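I have placed the structure first, in the form of structure tokens, so that the comments after it can refer back to it.
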Amino acid sequence: MMNTDNSKPRKPLDIVALMKANEGRNYELHAAHVNPSNVRTLKTIGFDRCYVRAEGQYLWDVEGVKYLDLLSGYGVFSFGRNHPEVRQILTDFLNADYPSLVKMEAPLLSGLLAEELKKRMPNQLDMVFFTNSGAEGVETALKYARCATGRPGIVHCYKAFHGLSYGALSVNGDESFRSGFAPFLSDCRQVPFNDLEALERELKRGDVAAFIVEPIQGKGVNLPASGYLRDAAALCRKHGALFIDDEVQAGMGRTGRFLAVEHESGVDPDIVVLSKALSGGFVPVGAVLCRKWIHDKVFSSMQRSVVHSSTFSQGSFAMAAGLAALDVLDRHQLIQRAETYGKKIGEGLRAMVPKYEFLREIRQRGMMVGIEFGPPRSLMLKTAWTVMHTLDKSLFPQAAIIPLLDKHHIITQVAGHAIDVIKLLPPLVVNDDDVAWLLGAFEDVLQQMHKFPGPAWDVISDIGKSAVTSRAR
């Protein structure tokens, strides 16, 4: 790529030609330059596909095979990939030669996007700070909470996931992500999700700046008990702590409401964190909304007017993408679609629970779905369950996601480490044919999983033995 001979001018980069010339080299390049461990993982489970085209809820690989993407980039592509209307708005914006990141100004588009986001809040949140990611939004929320309250303590939940930067990792409830990176921020303490008594015990200590919580836990797709979020917010207010609502994955309409906390009346968050789907997937962007008094504590004078900032915050391209995404969300009634089609998926999956021993529970709210497996009753299947969990506690769900991809061309994911849950995050644009595709494929996979021994178990056993050998080295 580099031109070391200054005497010979080079043609401008032709990005399409470059991609075509290197088609299929993805894993070779990543093994050499990016993340060889991840390459080994993807190859081991058969996910080493090279995708070359994307449209809506579908991907096509280098061989021309069409896939139904029910992972949607961990929820980034809620409106589908390459949405034509968002793309057209961004094309129009780029053609306008509009300035961005002047810095010594108040950008127009960030003001307009902030105004639109505030309209969609269930309560009065007055000020907006724009970020480049959900993790950066969490960092912002933690800083705001400590500054506004003058307290050090942050309470979070077991199995929580709020990002992987240092502040966000300090409130991460999964040791598999934290291992090797200690020490973390001080005064960060865990409580069980859905446990109000444990939360109040921490709040009573009087040093808690904030309780940060996902309205639906992404790792495991754990739903809040009725009244939990409302009562948790009330407890925070009672004890002088802030309630931080992390809507990075569950927000932006995914659950059939703009915010997932809206499924419960009376939840009154002090800070809301958004990201992922906010740009329609075209550019990294996030937003933190908060009460004015919190903002005024942070930006308390002209001297402190940029005390919290980020170089790419309020970039005009990102702000245009956010405005375009909200427009598409509203005009195409995607929040209503999330509720309607999520219900169809949930009902179809729940109908399978009595028929298949391995299926334990379906947890679903809109287009956020958790499929949990559990120990079977029959002796032969119990043997399979025990063998798989002895080899590797994260192994069992692979018996479903591998054939879903390999045989049925559906992309899903395991919902966390050492848990028996598959997570679905379908784009909000899925249709009846897609639902039928998913339900038919999943039932076929379940039928094969209930035949032991059989081909499905041979593949998983090989992966498990490979994992055991790798750990022993």
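The values are calculated or read from the model by the stated rules, or taken from the named source; none is laboratory data. Computed from a prediction, not measured in an experiment: that's the story for all the values here. We place every Cβ from the backbone using ideal geometry, glycine too, and count neighbours over all the protein chains shown.
Quick look at the values:
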| read-out | value |
| --- | --- |
| Those helices (runs of 4 or more DSSP H) lying entirely in segment 165-230 with at least 2 residues closer than 20 Å to residue 242 by Cβ and free of Cβ contacts under 8 Å to residues at least 40 places away in the same chain | 166-170, 196-203 |
| Boolean, residue 338 is surrounded by 24 or more Cβ atoms within 10 Å (Cβ to Cβ), assigned by TED's automatic domain parsing to the domain that holds residue 433, assigned to a helix (DSSP H, G or I) and not β-branched (Val, Ile, Thr) | yes |
| Single residue of segment 223-268 satisfying the filter (buried (at least 22 other Cβ atoms within 10 Å of the Cβ) and either assigned by TED's automatic domain parsing to the domain that holds residue 345 or polar (S, T, N, Q) (or both)) that is nearest to residue 168 (Cα to Cα) | 249 |
| Check on residue 450, over 21 Å from the mean Cα position of the chain (by Cα) and at positive phi | no |
| From 150, 167, residue being assigned by TED's automatic domain parsing to the domain that holds residue 270, closer than 26 Å to residue 315 by Cα and not aliphatic (A, V, I, L, M) | 167 |
| Residue list for segment 86-98, restricted to those being touching a residue at least 12 places away in the same chain (Cβ under 8 Å) and either outside any loop (DSSP other than H, G, I, E, B) or in the same structural domain as residue 424 (by TED's automatic domain parsing) (or both) | 86, 87, 89, 90, 93, 94 |
| Residue in segment 152-167 that is buried (at least 19 other Cβ atoms within 10 Å of the Cβ) and either of a type in the set (Lys, Arg) or farther than 23 Å from residue 224 by Cβ (or both) present | yes |
| Top-ranked residue of segment 342-363 - restricted to ones that are more than 18 Å from residue 400 (Cα to Cα) and not basic (Lys, Arg), ranked as farthest from the chain's Cα centre (by Cα) | 347 |
| Any strands (runs of 3 or more DSSP E) falling wholly within segment 1-85 and containing at least 2 residues that are assigned by TED's automatic domain parsing to the domain that holds residue 424, free of Cβ contacts under 8 Å to residues at least 60 places away in the same chain and surrounded by 11 or more Cβ atoms within 10 Å (Cβ to Cβ) | 51-55, 58-61 |
| Residue check for residue 149: under 30 Å from residue 206 (Cβ atoms), crowded, with 22+ Cβ neighbours inside 10 Å and polar (S, T, N, Q) | no |
| Contacts under 9 angstrom Cβ, first residue in segment 426-442 being in the same structural domain as residue 339 (by TED's automatic domain parsing) and assigned to a helix (DSSP H, G or I), partner modelled with pLDDT under 95 and of a type in the set (Ser, Thr, Tyr), 6 or more apart | none |
| Cβ pairs under 7 Å, 6+ apart, first in segment 375-393 and outside any helix (DSSP H, G or I), second among the aromatic types (Phe, Trp, Tyr) | 375/385; 376/358; 376/385 |
| Scan of segment 134-146 for residues that are buried (at least 18 other Cβ atoms within 10 Å of the Cβ) and not β-branched (Val, Ile, Thr), ordered by number | 134, 135, 136, 137, 139, 141, 142, 144, 145, 146 |
| Residue match in segment 60-70 (condition: within 27 Å of residue 275 (Cα to Cα), over 21 Å from the mean Cα position of the chain (by Cα) and at pLDDT 95 or above) | yes |
| Candidates 101, 117, 125, 113 - the one that is outside any helix (DSSP H, G or I), in contact (Cβ under 8 Å) with a residue 60 or more places away in the chain and surrounded by 19 or more Cβ atoms within 10 Å (Cβ to Cβ) | 125 |
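Condition check ((1) part of a helix (DSSP H, G or I); (2) among the hydroxyl-bearing types (Ser, Thr, Tyr); (3) surrounded by fewer than 19 Cβ atoms within 10 Å (Cβ to Cβ)) across all residues:
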site: 282; (1), (2), (3): no, no, no
site: 288; (1), (2), (3): no, no, no
site: 300; (1), (2), (3): no, yes, yes
site: 303; (1), (2), (3): yes, no, yes
site: 313; (1), (2), (3): no, yes, no
site: 319; (1), (2), (3): yes, no, no
site: 322; (1), (2), (3): yes, no, no
site: 326; (1), (2), (3): yes, no, no
